[in-house]
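The values are calculated or read from the model by the stated rules, or taken from the named source; none is laboratory data. No experiment lies behind these values; they were computed from the predicted model shown. Heads up, the Cβs are rebuilt from the backbone with ideal geometry, glycines too, and the neighbour counts pull from every protein chain shown.
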Amino acid sequence: MTAQAFESPAPAASTGGPLLGPLSWNLVYVDDLAAMRAFYEGVLGLPVKNASPYFAAYHTGGCTLELMARKDNGPAAGSPARGWDRNRVLMSFKVENMTAVVAELTRRGATLLHGPSPTVSADGLPPEGQVAQFIDPEGNIFELCDEPLFF
């Protein structure tokens, strides 16, 4: 696959504004909703926005994170794949004190995969922050980032 330059999306014909609005939620299909809820609520400390026997939604700032029990109604139905091989999702959470948050999540039992390490930067420019990547009980990767948000 070659890199392509992308232009801003065309405005919506009816309003003159962007075609798409802000990202509403990120959904992650899970096998064991109870275990995943215990991790996201107990270890990560995310506040529950809404829940049912087949999903849980969490407040994460401007975008909701949803965990959805695998059912017979989606791309994950019947798939033996787990984590990255199933979802190809990387969730990144903004943090203010990388060292303290990494230490606390590790103390709570989260598995650190990588970091903290410098963020990727343009050639010749110094990194603007750090990232640390963890893995949840089903193999989904989530990241902490302390670099200033530029978007």
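Points to keep in mind about this one:
- Test: residue in segment 134-146 that is without any contact (Cβ under 8 Å) to a residue 40 or more places away in the chain, over 20 Å from residue 35 (Cα atoms) and in a strand (DSSP E or B): no
Conditions (1) at pLDDT 80 or above; (2) loosely packed, with under 14 Cβ neighbours inside 10 Å, marked per residue:
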| residue | (1), (2) |
| --- | --- |
| 36 | yes, no |
| 41 | yes, no |
| 52 | yes, yes |
| 56 | yes, no |
| 59 | yes, yes |
| 65 | yes, no |
| 71 | no, yes |
| 80 | no, yes |
| 85 | no, yes |
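- Pick from segment 120-151, criterion among the hydrophobic types (A, V, I, L, M, F, W, C) and within 13 Å of residue 89 (Cβ to Cβ), ranking: surrounded by the fewest Cβ atoms within 10 Å (Cβ to Cβ): 135
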